[in-house]
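Peer 1: Below is the structure I would like to discuss, written out as structure tokens.
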Amino acid sequence: MTEHIDAVGALSRASSVEGAARRGTRWYARYLGVFAVGQLALVPMAVLWHGVTAAITFGITNVLLVGGLSLYAASRRVVSRHFGVLHGSLVGAWAVLFAVTVALSTGPFRDSVPFAAVAALICASPMAVGAWWEVRRSS
């Protein structure tokens, strides 16, 4: 009987630790959300602005966003299982979409405000979907 009580206690503690770990990974949803929102400003900036001043402003803004997110991520203690694969996939999808956006904005969609608006939403979508998925998974 004592073994049964010990087993129940161990399972209860394991469940508690698992719940705390899941809640501890919610930071990643916030990280992805901020990255997605950042795309709403950075993509139109990359598509519509031209010249040295635009490039410097874009670069500084991008460094501040990525640097801030990196510091935030480095201070977190918990990551979810397969975090590296998930993060790599999301960033890879974003990179492909952003590269296509920049390529198209130098040709047929140069200075197109509607294109910039749609491209911003498209470039934000991998991170927004990742944030939504992380919130559902960590609940």
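Peer 1: Taking Gly84 as meeting all but one of (1) more than 14 Å from Tyr31 (Cα to Cα); (2) at pLDDT below 90; (3) in contact with a Leu (Cβ under 9 Å, 6 or more places away or on another chain), write down the number of the exception.
Peer 2: Result: Gly84 passes all but (3).
Here's the yes/no breakdown for (1) more than 19 Å from Ala120 (Cα to Cα); (2) surrounded by fewer than 10 Cβ atoms within 10 Å (Cβ to Cβ); (3) of a type outside the set (A, V, I, L, M, F, W, C); (4) modelled with pLDDT of 70 or more:
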{"position": "His4", "(1), (2), (3), (4)": "yes, yes, yes, no"}
{"position": "Tyr28", "(1), (2), (3), (4)": "yes, no, yes, yes"}
{"position": "Leu32", "(1), (2), (3), (4)": "no, no, no, yes"}
{"position": "Trp49", "(1), (2), (3), (4)": "no, no, no, yes"}
{"position": "Thr57", "(1), (2), (3), (4)": "no, no, yes, yes"}
{"position": "Thr61", "(1), (2), (3), (4)": "no, no, yes, yes"}
{"position": "Ser70", "(1), (2), (3), (4)": "yes, no, yes, yes"}
{"position": "Ala73", "(1), (2), (3), (4)": "yes, no, no, yes"}
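The values are calculated or read from the model by the stated rules, or taken from the named source; none is laboratory data. No experiment lies behind these values; they were computed from the predicted model shown. Virtual Cβ from ideal backbone geometry, glycine too; neighbours counted across all protein chains shown.
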